[in-house]
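To start, the structure under review is shown below, and the notes come after it.
Here, each number is a calculation from the coordinates, and none is a lab measurement. Treat the numbers as computed from the prediction; the structure is a model and nothing was measured. Every residue, glycine among them, receives a Cβ derived from its backbone with ideal geometry; neighbour counts consider all protein chains shown.
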Amino acid sequence: MDALISLLILGFVLSLDNFRLSIALGTFKLGWRRALRTAVVFGFWDGLSPLVGVLIGRYFGQAIGPAADTLGPIVLAAYGLYLVVQGLRAEAPEDLDDRMALFGIPLSLSLDNLLAGTGLGMLGFSPVFTAIVFGAITALMSLLGLKLGGALARFIPVRSDLLCGVGLLITGVMLVLGY
């Protein structure tokens, strides 16, 4: 029972970066169907990463460890900076770039879960159960963030592209600094 509680807490903590970012993405006012699809993809990547981490074991986790902790946040910050620069140079886009929202962003956010999965695998946790728990928590937290961002955007007029870019940039910098 203690192991399950620890796993749930770890899954919640690891999903907070997706939640923060989802608030910014939610300002694009995604409908329920699209928000659910985005949240499920975020959950899929956050579930797949610990599964891969558990399966590849200790050696790979130690080899990629420092790179994953740095690479993921740098990718987020770089894309955030790109969005801010593009946003300042052009008019606000009508819609969110699905390719980046469904693959690039969640993949870079899930690198920490790869390492967590490696550590959990060394502790004897079930790879499939860990993946399901992490994926489900991230999907739920992402959906909450997307809908919260959409609700905030209804009351506060913002440029979604700039807010998303600033959100990505801040998230990337915070992760690099260890927050």
- Item | Two-site FRET efficiency, residue 173 against residue 55, from Cβ-Cβ distance with R₀ of 30 Å, rounded to 0.05 | 0.45
- What nm distance separates the two modelled labels at residue 81 and residue 129, each placed 7 Å from Cα along Cα→Cβ? 4.3 nm
- Query: Between residue 12 and residue 148, 0.36 nm times their residue separation minus their Cα-Cα distance comes to what?
  - Reply: 47.2 nm
- Message: Could you check the spin-label model distance between residue 2 and residue 29? Points 7 Å from the Cα along Cα→Cβ, value in nm.
- Response: 5.1 nm
